[in-house]
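For reference, the structure is listed below as structure tokens.
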Amino acid sequence: MNPPSALPIRKPLDGFSYMVMMGLCLIWGLQQVAIKASASEMTPMLQVGLRSLFAALLVAGTMVWRGESLSVRDGTAGSGVWVGLLFGAEFVLVALGLNFTTAGHMAVFLYTAPVFAALGLHFTVKEERLNRRQWSGVGLAFAGIVAAFSGSLFAPGGKDLLIGDALGILAGMAWAATTIVIRGSRLSEAPASKTLLYQLVGAAVLAVSFGWWRGDFQKVMLTPFLWSNLVFQTVIVAFGSYLFWFWLLRRYLASRLSVFSFLTPLFGITFGVLLLKEPLHPQFVVGALLVLAGIAVVNRR
């Protein structure tokens, strides 16, 4: 296995990566809505923990079926522990934040991650450095996030919304740190399934333990909707979409992928309004336009 310093140069985004990222953004935009929709039957914390646990079993089973090694003696153990903890922290923060803010807000503020990831990679990986034009695109996208955040100051229940929004931003920082660790370690060239397994195990351990400590298991109400929701979150979100994401990270420039994923908040807001009847504030519209402008600038050839 090549050391991180000898990693092959990643490709810029092409038509295929654009299509895959569009599908992933749609799925990720829906996941916060799915968690929020089932919150009365199972706490967001327990949903995150159980879906991660079941998805980890699916990933491990797929690896065994493919003949891939589950051994941690390939030099990935140290970075694997870090990304597991960071990924787990990200979704613990998401689960906590959804108790205070809307699914649309969480979708927006979780995706401050591309800004932090692009900045971190700029200073740590030579081939990920942003030029002046791309910096302006990141600035536009970040301005969109700020515009969206300002809406919480004047909305009903603004104090709780701000707490949830802040937890969403912290979750975004944890996600960005996960991307940076993966990109700068042996996990960058490890099979995507192994990288995902480390992360799912970390999320399962942290979220299930936290949920057990809070007594969340005693609040579960098993319904057909909850079961179908957990299947969606496990198979589509935590298993399939993340495998594709890490596969893309091994082949394309991570900072470009991360900034493109700003489309996810737009899907999250839309699904929140349509499915959960969440209010749509003017600041979100302004923020969405700035985010789209930033994506176009960063990814323009």
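The values are calculated or read from the model by the stated rules, or taken from the named source; none is laboratory data. Because the structure is predicted, anything quoted here is derived from the model rather than measured. Here the Cβ positions follow ideal geometry from the backbone for every residue, glycine too, while neighbour counts run over all protein chains shown.
Every test in (1) at pLDDT below 90; (2) surrounded by fewer than 21 Cβ atoms within 10 Å (Cβ to Cβ) is passed by residue 257 save one, and that test is (2). Among the numbered conditions (1) under 30 Å from residue 150 (Cβ atoms); (2) modelled with pLDDT under 85, the only one that residue 271 does not meet is (2). For segment 153-166, the count of residues that are without any contact (Cβ under 8 Å) to a residue 60 or more places away in the chain, part of a helix (DSSP H, G or I), among the charged types (D, E, K, R) and out of contact with any helix residue (DSSP H, G or I) (no Cβ under 7 Å at 6 or more places or on another chain) is nonzero. Being in contact with a helix residue (DSSP H, G or I) (Cβ under 6 Å, 6 or more places away or on another chain) and aliphatic (A, V, I, L, M) is a property that residue 72 lacks. Listed by first and then second residue, the pairs with beta-carbon distance under 7 Å, at least 6 apart or on different chains, first residue in segment 125-142 and farther than 17 Å from residue 112 by Cβ and in a loop (DSSP other than H, G, I, E, B), second modelled with pLDDT under 80 and of a type outside the set (A, V, I, L, M, F, W, C), are 125/183; 125/184; 129/122.
Taking the criterion of being out of contact with any Ser or Thr (no Cβ under 6 Å at 6 or more places or on another chain), at pLDDT 85 or above and either β-branched (Val, Ile, Thr) or under 21 Å from residue 57 (Cα atoms) (or both), the only residue of segment 166-179 that qualifies is 178.
Test residue 41 against the criterion of being modelled with pLDDT of 90 or more, acidic (Asp, Glu) and under 23 Å from residue 180 (Cβ atoms), and give yes or no. So residue 41 fails the test. Somewhere in segment 217-237, is a residue in contact with a Leu (Cβ under 9 Å, 6 or more places away or on another chain) and of a type in the set (Gly, Ala, Ser)? The answer is no; no qualifying residue exists. Within segment 72-106, the residues that satisfy the criterion of being surrounded by 24 or more Cβ atoms within 10 Å (Cβ to Cβ) and polar (S, T, N, Q) are 101, 102. Among the residues of segment 161-211, the one identified as within 25 Å of residue 124 (Cβ to Cβ) and acidic (Asp, Glu) is 189. Quick one: is residue 34 under 15 Å from the mean Cα position of the chain (by Cα) and in contact (Cβ under 8 Å) with a residue 40 or more places away in the chain? Judged against the criteria, residue 34 is a match.
For segment 268-277, filtered to residues that are in contact with a Gly (Cβ under 9 Å, 6 or more places away or on another chain) and surrounded by fewer than 21 Cβ atoms within 10 Å (Cβ to Cβ), the residue that is nearest to residue 35 (Cα to Cα) is 276. Applying the selection to segment 195-233, what residues are of a type outside the set (A, V, I, L, M) and surrounded by 22 or more Cβ atoms within 10 Å (Cβ to Cβ)? Residues satisfying the conditions are 195, 198, 199, 202, 211, 233.
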